[in-house]
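Colleague: Input: one structure, supplied below.
The values are calculated or read from the model by the stated rules, or taken from the named source; none is laboratory data. Predicted, not measured: the structure shown is a model, and the values here were computed from it. With ideal geometry, Cβ positions are generated from the backbone for all residues, glycine too; neighbour counts draw on all protein chains shown.
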Amino acid sequence: MKLGINGLGRIGKLSLWHHVSRKHFSGIVVNIGREVGCGLDDLAAMLERDSTYGRLGTYLYGHKCPQVIEELNEKNGSMVVDGVPVTILRTARNPKDIAWHENGVKLVVDTTGGFTDPTADSYAGSGALRGHMQAGAEKVVLSAPFKIKSKGLEMPEDAITTVMGINDEMYDSGQHSLISAASCTTTCLSYMIKPLMEKIGADKILSASMVTVHAATGSQQVLDRLPKAGAVDLRKNRSILNNIILTTTGAAKALALVIPEMASIGFMAESVRIPTSSGSLIVLVLNLQDEIDSPIKRGTINGIYKDFAGNNSYLLFTEKHNVSSDILGSPAAAAVIEGSETHTRTASIQVNLEQIKAECLVPGTDPVFNVPVTQAVVYGWYDNELGSYTNMLGDLIVKVAGEML
C-alpha cells in the first residue's frame, strides 16, 4: 500500500521522515501543489535537512549515515529516500484535483491545516477534506482537529476524532472515512487526564484547567508586521523571536470528543506561545473532591501515572529534571510526566447551601458545609512536532492502513 501526504509543512515533512524510517508503506506520494525552488534538487535538500531535528540521515542512522536521498528524476518528480520510492506531485492544490487515483493512493494524511471541516462540500471554495475521496482516496486522516464552520451542523457519522491508546478502539473501518488525530496538545492532555479518571473517577474531578506553554508554530510572525483588514487579535502579528504571546487553544473542545466524560467537567484551556522551535509543556490544575481521613497526596498522583506508564508505552513518567530540548525527537511518547514537580494541597472549602438554594437543606440546621478539596498540579512535556505528535499520528495511520487490507 502507498501512503499519500498532502502538504509538506512541519508535520508533513516529519511524517515523511517517520514513514521512511518505519518502512510500512511500499511507497509515499507527497502532494505540494506547486514548484519548489529551482527544482527537485532544492526540494530534496529541504527534506534532508531540518533546523530543529538535524539531518534525515542522522535521524535514520546516527552520525555515520550514508546518503539517504538518491535517484532524483526531475521529469517524473520522483526520488528514493532510504530505499522508499517517493513521488512528488506539484500541480494541484485543491484536494479533489490531486492525482491520488492515478498514483494508486487509497490512504491520505492531510497535513496542510487548510482543510479541517468534515461537513464541507468538495466543490466549495478552494477545496475541502472530502475532495481527497473524490480524487481516489478511501480514507483520509487529518493531522489537526475537525472544525465545523457552519453553525448548527453536527459531526458527520463517517468522521471520528481519535488519539491512539485512548479511544482508537472507537474507530470503525466500515463506518469512518475521515479520521482526525486531534492536536499535539489534545494528545498530551488526554494522557494526563485519562489515568486520573480511571483511578480517581470523573465524578471526583470538580473542575480542571490547563495552560500549554507551547513552542512557536507557522501562525506566528518572525518580525512584527501589519495585521490584515478586520484582524481582531493584534498579538498574532508580533514577532515570536522576541515575545511571549498569549493565544488560544481548542484542546478543551477536542478532549471532550476523545474522552466524553470531560463534557460534564468544568474545564478551561489556555495557550501561551514562546520563542522555541519545538518542545512544549502542559501545566494541568485539578480540583478534586477528597476525603478528610485519607487525602490525595503527591505520591498518590505520581503512583497513578507510574502504574499507567508501566502498561502503556505512550505515557512516560520521570523524576529527572528536564528542559524542553530534552524531549525533542525522542522519546516517542504522547506525554512525559515530570513527577518531581507534581504538587498537591488539600483544604476544607466552605459551601453555603442557602446561597445555592439547595432543596436538601433542613430548616434550623447549619447551612454551611465543609468539603475537603485537593488541588493537584501536574506537569506534562510533549514534543509537539516529531517526538510526540508525529509518532502518534504515524501509529494511527498504520492502524487505519492495516484495517483497509
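Colleague: Among the residues of region 80-88, are any assigned to a loop (DSSP other than H, G, I, E, B), surrounded by fewer than 20 Cβ atoms within 10 Å (Cβ to Cβ), in contact (Cβ under 8 Å) with a residue 24 or more places away in the chain and out of contact with any helix residue (DSSP H, G or I) (no Cβ under 6 Å at 6 or more places or on another chain)?
Modeller: Yes, some residue in region 80-88 is assigned to a loop (DSSP other than H, G, I, E, B), surrounded by fewer than 20 Cβ atoms within 10 Å (Cβ to Cβ), in contact (Cβ under 8 Å) with a residue 24 or more places away in the chain and out of contact with any helix residue (DSSP H, G or I) (no Cβ under 6 Å at 6 or more places or on another chain).
Colleague: Pairs needed: first member in region 208-219, farther than 14 Å from THR186 by Cβ; second member anywhere, of a type in the set (Lys, Arg) and assigned to a strand (DSSP E or B); C-beta distance under 6 Å; at least 6 residues apart or different chains.
Modeller: Sorted first by the residue in region 208-219, then by its partner, the pairs are ALA216/ARG273.
Colleague: For the structure I just gave you, tell me whether THR91 is assigned to a loop (DSSP other than H, G, I, E, B), assigned by TED's automatic domain parsing to the domain that holds ALA135 and closer than 30 Å to ILE327 by Cα.
Modeller: On the way: assigned to a loop (DSSP other than H, G, I, E, B): yes; assigned by TED's automatic domain parsing to the domain that holds ALA135: yes; closer than 30 Å to ILE327 by Cα: no.
For THR91, the condition - assigned to a loop (DSSP other than H, G, I, E, B), assigned by TED's automatic domain parsing to the domain that holds ALA135 and closer than 30 Å to ILE327 by Cα - is not met.
Colleague: I would also like to ask the following. Regarding region 380-391, can at least one residue be identified that is over 30 Å from PHE25 (Cβ atoms), assigned to a strand (DSSP E or B) and at pLDDT 95 or above? Walk me through it before giving the result.
Modeller: Residues of region 380-391 over 30 Å from PHE25 (Cβ atoms): 380.
Subset that is assigned to a strand (DSSP E or B): 380.
If we keep only those that are at pLDDT 95 or above too, we end up with 380.
Yes, the conditions are met somewhere in region 380-391.
Colleague: Restricting the search to region 319-344, which residues are surrounded by fewer than 18 Cβ atoms within 10 Å (Cβ to Cβ) and among the polar types (S, T, N, Q)?
Modeller: The initial filter retains those residues of region 319-344 that are surrounded by fewer than 18 Cβ atoms within 10 Å (Cβ to Cβ), namely 319-323, 325-326, 330-331, 340-341, 343.
Correct list: ASN322, SER325, SER330, SER340.
Colleague: Go through (1) under 18 Å from LEU288 (Cβ atoms); (2) surrounded by 13 or more Cβ atoms within 10 Å (Cβ to Cβ); (3) of a type outside the set (Lys, Arg) for ASN370 and report which single condition fails.
Modeller: ASN370 satisfies all of (1) under 18 Å from LEU288 (Cβ atoms); (2) surrounded by 13 or more Cβ atoms within 10 Å (Cβ to Cβ); (3) of a type outside the set (Lys, Arg) except (2).
Colleague: Which ones in region 191-236 are among the aliphatic types (A, V, I, L, M), in contact with a helix residue (DSSP H, G or I) (Cβ under 8 Å, 6 or more places away or on another chain) and under 24 Å from PHE308 (Cα atoms)?
Modeller: Just the residues of region 191-236 that are among the aliphatic types (A, V, I, L, M), to begin with: 192-193, 196-197, 200, 202, 205-206, 208, 210-211, 213, 215-216, 222-223, 226, 229, 231-232, 234.
Now restrict to residues that are in contact with a helix residue (DSSP H, G or I) (Cβ under 8 Å, 6 or more places away or on another chain): 193, 196-197, 200, 202, 205, 208, 210, 215, 226, 231.
The answer is ILE193, LEU196, MET197, ILE200, ALA202, ILE205, ALA208, MET210.
Colleague: Does THR276 satisfy the condition of being at pLDDT below 95 and either out of contact with any Gly (no Cβ under 6 Å at 6 or more places or on another chain) or crowded, with 20+ Cβ neighbours inside 10 Å (or both)?
Modeller: On the way: at pLDDT below 95: no; either out of contact with any Gly (no Cβ under 6 Å at 6 or more places or on another chain) or crowded, with 20+ Cβ neighbours inside 10 Å (or both): yes.
So THR276 fails the test.
Colleague: Another one. Given the condition surrounded by 14 or more Cβ atoms within 10 Å (Cβ to Cβ), assigned to a strand (DSSP E or B), among the aliphatic types (A, V, I, L, M) and touching a strand residue (DSSP E or B) at 6+ places or on another chain (Cβ under 8 Å), answer yes or no: does some residue in region 29-48 qualify?
Modeller: yes
Colleague: Next question. Just need a number here: residues in region 218-239 that are surrounded by 17 or more Cβ atoms within 10 Å (Cβ to Cβ) and either part of a helix (DSSP H, G or I) or among the hydroxyl-bearing types (Ser, Thr, Tyr) (or both).
Modeller: Qualifying residue count, region 218-239: 1.
Colleague: Answer yes or no as to whether GLY7 is touching a Pro at 6+ places or on another chain (Cβ under 8 Å), surrounded by 14 or more Cβ atoms within 10 Å (Cβ to Cβ), modelled with pLDDT of 95 or more and not polar (S, T, N, Q). Before the answer, list the steps.
Modeller: Details: touching a Pro at 6+ places or on another chain (Cβ under 8 Å): no; surrounded by 14 or more Cβ atoms within 10 Å (Cβ to Cβ): yes; modelled with pLDDT of 95 or more: yes; not polar (S, T, N, Q): yes.
Judged against the criteria, GLY7 is not a match.
Colleague: Still on this structure, I have one more. Name every residue in region 8-48 that is charged (D, E, K, R), under 16 Å from GLU70 (Cβ atoms) and in contact with a helix residue (DSSP H, G or I) (Cβ under 9 Å, 6 or more places away or on another chain), in order of residue number.
Modeller: Answer for region 8-48, where residues must be charged (D, E, K, R), under 16 Å from GLU70 (Cβ atoms) and in contact with a helix residue (DSSP H, G or I) (Cβ under 9 Å, 6 or more places away or on another chain): just GLU48.
Colleague: Need pairs with beta-carbon distance below 9 Å; first residue closer than 16 Å to VAL109 by Cα and within region 158-169, second among the acidic types (Asp, Glu); sequence gap 6+ or separate chains.
Modeller: Qualifying pairs under 9 Å: ILE160/ASP172; THR162/ASP168; THR162/GLU169; MET164/ASP395.
Colleague: Residues that are touching a helix residue (DSSP H, G or I) at 6+ places or on another chain (Cβ under 7 Å), closer than 20 Å to GLY201 by Cα and not β-branched (Val, Ile, Thr): which strands (runs of 3 or more DSSP E) entirely in region 253-372 hold 1 or more of them? Walk me through how you get there before you give the answer.
Modeller: Details: elements: 266-274, 280-289, 315-318, 335-338, 343-352.
Answer list for region 253-372: 266-274, 280-289, 315-318, 343-352.
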